[in-house]
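What follows is a short report on a single structure.
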Amino acid sequence: MTDTITQQLISICNKYPNKIAFDNGEQSCDYQTLNQKVINLAAFLDTKVNDNSPIIIYGDFELEMLVSMLAATRCGHAYIPVEIGTPKDRIENILKVAQPSAIINIGGDWEVSTELPVISLTDIKSAIETNNEFHAHPVQGDENLYIIFTSGTTGVPKGVQISNDNLQSFVDWFTNIEPIQAQQNFLLQAPFSFDLSVMSLYPSLLTGGCLRPLKKSVINNFKSLFETLPQLDLNIWVSTPSFMDICLMAPEFNADNLPSLNQFYFCGEELSQNTAKKLFEKFPDASIYNTYGPTEATVAISVVKLVPEMLSGDHRLPIGYVKSDTKVEFFDEESNSWSSEQGEITISGPSVSKGYLNNPEKTQQAFIEKDGKRVYRTGDAGSMNSDQMLLYNGRIDFQVKWHGYRIELEDIDAHLNQVSLVNQAIVVPKYQKNSLKVQNLIAFVVADKNDFASEFELTKAIKSELAQGVMDYMIPQRIVYVDAIPQTPNGKLDRKGLMNEVNTA
Ligand code: AMP
C-alpha cells in the first residue's frame, strides 16, 4: 500500500531535517522543526476536537497556518482554508455548509459568532511549542484531506472535497512533468483558499523544497513586490497569468535579476500568447508550462511546455496533454451524446473529487456517472486535436475568471439582488479588446426609490452593502442604472444580450 501524503511528508522531514521548508520573510522553519510543530499541534487538536469533521483554518501565509493545515490532516481531519478578509456572510455560509468541528483563528480578526470552539493564535502558538505524546492517525485513502470553497451559482459557496488519493494523483503527475529536483524554492502566490496554492504547497513539501509565499500586502504594493521578488531566490514559479502580467510590467523582472528562476507553471485561467511571448523575452532559457484544470479535479489535469513556435498567429494557446491516469471526453448536452473530439470537457480519473460537501443537488448536477465511473462536467468547451492536445474554447455557462479568481456571475446577482437599494440586478463581464480576458464586471441595476443626491453616492452605498456578502474581487467595478433589465423572448433576463452590448460598444 502506498504511504499517505502525511507519511510521505514525514519521510521528507527525516530526509532533509535541516533544510528550510517554509520562509515568509518573517518566519522560517526547517523540516525537522516543522515536523515537531505539526506533531505538537496534532496532539493538542486530538484533545480539543472529538469527531472527524473538517477544521476551518482562518489566516494568510503565517507559519502557523501551514502547521495547522498539516496538523489537522495528521490527526484525521480535512482542513478548510479561509482567507483573511473573507466577508462575514460568506463565512457564515461556509460554516452552515461545512459543519466543521472547530475553527483555528490564525488571522486574529475572526468575527463570526459560533458555538464551535474557536482556537486562538495564542493557544496555537503555545500548543505548537509544547511536546506531547502523539500517535499519528492521518487522513488516508478516499478520506477528505482538504476542502476548498468556490463560488456557487445560488450565492452559497460550494465546498470541493479533495481526498488523500485525489491529491496523490495530482502530486505524482505534477512533480514528474519536469522532474522536480530536491530543495527548490517555490513561489506561493495564491492564497491557501484557492486551489492554485496546492500546486506550490504539496509539490514543494514532498520534494524537500522551500515555500516562499508572497503576502497580499506585498503583492498589492508594486515597489515592495519588486524589492521582495529577487530576495526569494526562486527556482519554480507558480501563479495565475494575471499575476504574471503585473510582474511583466516591471523592467527589472528578468533572468538577470532572477537568475535561478527556470520553471514557470500557469493555471487557473487562460494564458495569452502575449503574456507567454513577453515572458520568453525576459527568460529566454526557462521552461514555461500552461496547465489546465478545475478545483474539482485537483488543481490541474493537463500540461503543455510552450515552445516559441506555438506563439504565432492569433489562436489560443493549447491547454496540454492529459495526465496518463485521467480521461477527458466531451459531452454535448443538446444531443445528450459523447464525443472524443469536441464538446464540453468532462474529466474522469483518480484526481476527480467525490463532489461538493453536504450538497448532493449540486454534486449530482456536476458529477455524473458514465460506464460506472464518476465524471466531472467542467462547463468548459474544448476539443482534442489529432496530436491528443487539449484545446480550450471558452465557457458554456456564466462562470468567469477575474485575475484568476473563479466567479459565478449568478453568485454576484444573488447577493446584489439582496442589497436593500436594489430592485433587480444582473452582472456581465466586459472583456479586454480582442481577448477573452475579463477587464471588469458591470452590474445593470434597477434601483429602488432612494434619496441619494447622485448615482455616485448610490453606487458607493450599494457596493458597501454588497461587500458584506461577497469577496472583494466579486464587486462589480461599474454599476449602470436602468429602468428595466432587458429580457429574452421567453422572459428570462437577457445576460447574453447585455454581454454583447457592453462588449461591442
Ligand atoms: P478553478 O477551479 O478556480 O481552478 O477554475 C477552473 C476553471 O479555470 C476551468 O474550468 C477553466 O474555465 C479555467 N482554466 C483553468 N486553467 C485554464 C487554462 N490553462 N486555460 C484556460 N482556462 C483555464
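FYI, it's all coordinate maths here, none of it is from the lab. For clarity, every value in this text was computed on a predicted model and none was experimentally measured. Heads up, the Cβs are rebuilt from the backbone with ideal geometry, glycines too, and the neighbour counts pull from every protein chain shown.
Counting pairwise Cα distances across region 347-390, what percent come out greater than 11 angstrom?
Tail of the P(r) past 11 Å holds 69 percent of the pairs.
Treating cross-link reach as a plain straight distance, find the aspartates and glutamates whose alpha-carbon is under 15 Å from the alpha-carbon of LYS88, omitting any fewer than eight places away in the same chain.
Of all the aspartates and glutamates, those that pass the test against LYS88 - Cα under 15 Å, at least 8 places apart if same chain - are ASP109, GLU111, GLU465, ASP472.
Given 4 °C and 1.567 mPa s, how large is the Stokes-Einstein diffusion coefficient of region 1-107 in µm²/s, with Rh as the Kirkwood radius over Cα pairs? Numbers along the way, then the final one.
Numbers: Rh = 14.6 Å.
It diffuses with D of about 89 µm²/s by this estimate.
Among ILE426, ILE301, LEU279, whose Cα sits farthest toward the positive end of the charge dipole of the chain (+1 at Cβ of Lys/Arg, -1 at Cβ of Asp/Glu, about the Cα centre)?
My answer, from the dipole projection, is LEU279.
Could you order peptides 161-174, 462-475, 364-377 by the average number of other Cβ atoms within 10 Å of their residues, highest first?
Peptide ranking by packing, descending: 161-174, 462-475, 364-377.
Given the options GLY343, SER242, GLY152, identify the residue whose Cα lies farthest towards the positive end of the charge dipole of the chain (+1 on Cβ of Lys, Arg; -1 on Cβ of Asp, Glu).
The listed residue farthest towards the positive side: SER242.
What spacing in nm lies between the two simple spin-label points modelled at LYS496 and ASN358, each 7 Å away from Cα in the Cβ direction?
The answer from the label model is 3.7 nm.
Rounded to the nearest angstrom and ordered from largest down, what semi-axes does the equivalent ellipsoid of region 204-358 get from its C-alpha gyration tensor (root of 5λ)?
The equivalent ellipsoid of region 204-358 has semi-axes of 32, 19, 14 Å.
For region 228-349, what relative contact order do you get, as a whole percent, if you take Cα pairs closer than 8 Å and at least 6 residues apart? Walk me through the intermediate numbers first.
Details: 192 pairs, mean separation 21.2, N = 122.
Relative contact order, region 228-349: 17 percent.
Need the full-extension length gain, VAL446 to GLN7, defined as separation in residues times 0.36 nm minus the C-alpha distance. One decimal, nm.
Between VAL446 and GLN7, full extension yields an extra 152.4 nm.
How big is the Cα convex hull of region 117-195 in projection, averaged over all directions, in nm²? Could the numbers behind the result be given before it?
Working: hull surface 36.3 nm².
Seen from a random direction, the Cα hull of region 117-195 projects 9.1 nm² on average.
Give the peptides 321-333, 281-293 in descending order of average Cβ contacts within 10 Å, highest first. Show your work: numbers first, answer last.
Numbers: 321-333: 17.2, 281-293: 19.2.
The most tightly packed comes first, giving 281-293, 321-333.
What order do you get for 299-309, 450-460 when each peptide is scored by the mean count of other beta carbon atoms within 10 Å, highest first?
299-309, 450-460
Based on the alpha-carbon gyration tensor of the chain, what equivalent-ellipsoid semi-axes (square roots of 5 times the eigenvalues) come out, in whole Å, largest first? Could the numbers behind the result be given before it?
Details: eigenvalues 242, 161, 117 Å².
For the chain, the semi-axes come out at 35, 28, 24 Å.
So if each residue of separation counts as 0.36 nm, and I subtract the Cα-Cα distance between ASP109 and PHE456, what length gain in nm does that give?
Difference between extended and current length: 121.9 nm.
Taking one equal scatterer on every alpha-carbon of region 254-335, how large is log10 of I(q)/I(0) by Debye at q = 0.22 1/Å?
Debye curve over Cα of region 254-335, log10 I(q)/I(0) at q = 0.22 Å⁻¹: -1.08.
Any idea what the relative contact order of region 146-186 is, in percent, if you count C-alpha pairs under 8 Å spaced at least 6 apart?
Numbers: 21 pairs, mean separation 10.9, N = 41.
Relative contact order comes out at 27 percent.
Between GLU133 and LYS96, what FRET efficiency follows from the Cβ-Cβ distance if R0 is 45 Å, with the result rounded to 0.05?
Computed FRET efficiency for GLU133 and LYS96: 0.80.
Would you mind checking LYS215/LYS433; LYS278/LYS401; LYS401/LYS437; LYS48/LYS96; LYS158/LYS401 for any pair whose Cα atoms are more than 19 angstrom apart?
LYS215/LYS433; LYS278/LYS401; LYS48/LYS96
Just to verify a number: FRET efficiency for THR488 and GLU178, C-beta to C-beta distance, R0 = 56 Å, to 0.05?
0.70
Multiply the residue gap between ASP314 and SER217 by 0.36 nm, knock off their C-alpha separation, and tell me the result in nm, one decimal place. It would help to have the intermediate numbers written out before the result.
Working: separation 97, 0.36 × 97 = 34.92 nm, distance 3.59 nm.
Full-extension gain reported as 31.3 nm.
Grab the beta carbon distance between THR154 and SER464, set R0 = 22 Å, and tell me the FRET efficiency rounded to 0.05.
Between THR154 and SER464 the formula returns 0.45.
Going Cα to Cα from LYS449, which lysines come in below 23 Å? Please leave out same-chain ones fewer than 8 positions away.
Partners found: LYS460, LYS463.
Restricting things to Cα coordinates, could you compute the convex hull volume per residue of region 437-505 in Å³? If you can, show how the numbers build up before the last one.
Details: hull volume 8.6 nm³, N = 69.
It is 124 Å³ per residue.
Remind me, relative contact order of the chain in percent, using alpha carbon pairs under 8 angstrom and six or more residues apart?
On the way: 1021 pairs, mean separation 58.1, N = 505.
Relative contact order of the chain: 12 percent.
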